[in-house]
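Report on one structure; see the data block that follows.
The values are calculated or read from the model by the stated rules, or taken from the named source; none is laboratory data. In this text, all values refer to a predicted model and were calculated from it rather than measured experimentally. Cβ placement follows ideal geometry from the backbone for every residue including glycine, while neighbour counts extend to all protein chains displayed. SASA here: full protein model, heavy atoms, side chains in, ligands and nucleic acids out. Shrake-Rupley method; radii C 1.70, N 1.55, O 1.52, S 1.80 Å.
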Amino acid sequence: MKILVLNAGSSSQKSCLYDLPNDRLPEDPLEPVWDGFVDWTHHQGFAEVRVKTAAGAVLKEEIQTTDKPAVVQHLMNTLWQGETQVIEKPDEIAAVGHRVVHGGDKYQERVRITPAVKAAIADLAVFAPVHNPANLEGIETTEQILGPTVPQIAVFDTAFHTHLPPPAYAYPIPYRYLEQGIRRYGFHGISHQYCAHRAAQLLGRNLQELRLITCHLGNGCSLAAIQNGVSIDTTMGFTPLEGVMMGSRSGSIDPGILIHLLRQENYTADELDKLLNRASGLQGVSGVSADLRQVMRAIADGNQQAKLAFDVYIHRLRAGIGSMLASLGGLDALVFTAGVGENSAPVRAATCQNLAFLGLKLDLDQNNSHPVDQDIATPDSTIRVLVIHTQEDWAIAQECWRLVTSDR
Ligand code: ADP
C-alpha cells in the first residue's frame, strides 16, 4: 500500500511516499521510497525543489515562481515521471496524510477530510493564522492533482493533547475566555504520541503502565507528561509560544513584561509577535544563533552571552520537567527527541544531572555515543532515559493506514 504524507508549512513543504509491504504495518519505522522538499525562503521569488528516492535518484531544481500549487504539482509529478519515478500512475496512491497544526478541541484523532473538516480547519485559522491556511492550501492542491477518490486524511498536532484534564488546560483568567476557546491546546502531539509508543516498544513494556515525560527539543520545544498512553499535561499552550525556551521563541515569560513593553515602548501586536517568536530564545539571549550548534561553538570560543543562553535553556528545561513530574506523580522513562534532544549530549547530560536525586543515572559513555532509539540510563538507574528519533511523517502514514484499513 502506498501512502503519501504531506507536511505543508508557510515557508516549506515536506512530502514523502511510503510503500507498505503486503499492505501491513511493519514493527519498525519504514524509510520512505520517495522524499520531496520545497523551500520558498532561500531565494526570493524562487522555489527550491529537492527530491531523493530510496533507489538513490536525486533531483535538485530552482524554479522561478511564487505559485505554490504549481510547484506542488511539479513536485508530485516527480513521483510518476523522470529519474525519481517510483510509481506508474497517481491512482496507485491509497491515501494522503496531511499534518494539520490546529484541530482545536474538536478533533481527538485523525479524520478523513470532507468539506466540513476543511471548513473547521479554516475556522481554526483564527488560532493558528500561519499554519492552518498553509495546511489547507496543501490539502486543496493535492485534491486537485489526485482527484476526489483518493482518501485524504488530516492528522492534527493538537489531537494527542485533547484529553488534558481541565486543571491542565484552563488558564487562571476570567472564565468567559475559556468559553471563547482560550485554553491550553498543546502541540507537537504527533511527535509526543509517536515517542510514547516507540518508548513502550523499546522498553518491551505496555504503554498503559508507563509514566513518561517526552522532551521534543527542535527549533520549537515542548514537553508532555504521558500516563496510560494519554497526554495529561504539556508545556505548550494556547499557542506554540508557551513553555520551555526554544531556538528563537521565548517560551513562558512574565506576562507583565508585555504590559510594560506596550505601555513604555509603544509596541504593536506585530512587534511583540516578532520579538517573542523570532528574536528571543537561544537567538535572543546569545545574540549568536537560534541553532544550538552555533551557540555551543561560541561557548567553546569563550562567549559568555552564549553560555548564559545555554544555562537559561537548561534551567527552563529542568523546570519544565519538574512541572511534568509533579503532574505525573512519578516517572518510568524520560525521552529526548527532535534535533536538539536527539543530537545534543551536553543538553541531555545537564538536564539529567539535577534528576540524580530521583535515582536517575545517565550512562555518560552511551550518552556520548550518538544513540538512536536507545536506552542511555545505567542498568541500576530507577528511571530509564531514552533517545528516540522522532518520525512524524511515519506516524502520519501509520494513522492513514489505520483509518484506511478500518474503513474496509
Ligand atoms: P524542527 O523543530 O524545525 O523540526 P529539528 O527537530 O530538526 O527542527 O531541530 C533543529 C534544531 O536541532 C537545530 O536548530 C539545531 O539547533 C538542533 N541540532 C541539530 N543537530 C544538533 C547537534 N548535533 N547539536 C546540537 N543541536 C543540534
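Does L136 qualify as being open to solvent by 10 Å² or more (accessible area, probe 1.4 Å) and either in a helix (DSSP H, G or I) or free of Cβ contacts under 8 Å to residues at least 12 places away in the same chain (or both)? Yes; evaluated as a whole, the condition is true for this residue.
Name the single residue that is farthest from L6 (Cα to Cα) among those in region 349-391 being among the acidic types (D, E) and loosely packed, with under 15 Cβ neighbours inside 10 Å. Here the residue is D380.
Looking at region 371-408, which of its residues are touching a residue at least 24 places away in the same chain (Cβ under 8 Å), within 16 Å of the ligand (Cβ to nearest atom) and either closer than 22 Å to R24 by Cα or assigned to a loop (DSSP other than H, G, I, E, B) (or both)? Correct list: V372, D373, I376, I388, H389, T390, Q391, E392, D393, W394, A395, I396. If you go through region 208-217 and keep only what is under 18 Å from S252 (Cβ atoms) and either of a type in the set (G, A, S) or away from the ligand (no atom under 16 Å from the Cβ) (or both), you end up with just I213.
If you go through region 225-244 and keep only what is away from the ligand (no atom under 15 Å from the Cβ) and either surrounded by fewer than 24 Cβ atoms within 10 Å (Cβ to Cβ) or among the small types (G, A, S) (or both), you end up with A225, Q227, N228, G229, V230, S231, I232, G237, F238, T239, E242. Six or more apart or on different chains, Cβ atoms under 7 Å: show the pairs whose first residue is in region 207-218 and open to solvent by 10 Å² or more (accessible area, probe 1.4 Å) and in a loop (DSSP other than H, G, I, E, B) and whose second is at pLDDT 95 or above and of a type in the set (A, V, I, L, M, F, W, C). Cβ pairs passing all conditions: G218/A338; G218/V340.
Of the residues contained in region 267-277, one or more are found to be β-branched (V, I, T), surrounded by fewer than 20 Cβ atoms within 10 Å (Cβ to Cβ) and over 25 Å from A196 (Cβ atoms). The residue that is nearest to the ligand (Cβ to nearest atom), counting only those in region 255-277 that are assigned to a loop (DSSP other than H, G, I, E, B) and of a type in the set (S, T, N, Q), is T268. Condition test on I299, is it in contact with a helix residue (DSSP H, G or I) (Cβ under 6 Å, 6 or more places away or on another chain), of a type outside the set (G, A, S) and assigned to a helix (DSSP H, G or I)? So I299 fits the description; yes. Listed by position, the strands (runs of 3 or more DSSP E) enclosed by region 25-73 that each have at least 3 residues that are open to solvent by 50 Å² or more (accessible area, probe 1.4 Å) are 58-64. Looking across region 329-348, the residues that are over 23 Å from S250 (Cβ atoms) and surrounded by fewer than 17 Cβ atoms within 10 Å (Cβ to Cβ) come down to G329, G330. Determine, yes or no, whether E143 is closer than 23 Å to N277 by Cβ, modelled with pLDDT under 95, open to solvent by 20 Å² or more (accessible area, probe 1.4 Å) and assigned to a helix (DSSP H, G or I). Answer is no for this residue. All conditions but one from (1) touching a Gly at 6+ places or on another chain (Cβ under 9 Å); (2) open to solvent by 60 Å² or more (accessible area, probe 1.4 Å); (3) closer than 23 Å to G189 by Cα apply to K106; the one that does not is (1). Scanning region 278-298 for any residue that is within 15 Å of the ligand (Cβ to nearest atom), under 30 Å from A168 (Cβ atoms), under 24 Å from the mean Cα position of the chain (by Cα) and among the basic types (K, R) turns up at least one such residue. Considering region 304-370, the qualifying helices (runs of 4 or more DSSP H), each wholly inside and each with 1 or more residues that are of a type in the set (V, I, T) and within 16 Å of the ligand (Cβ to nearest atom), run over 304-328, 338-343, 345-353.
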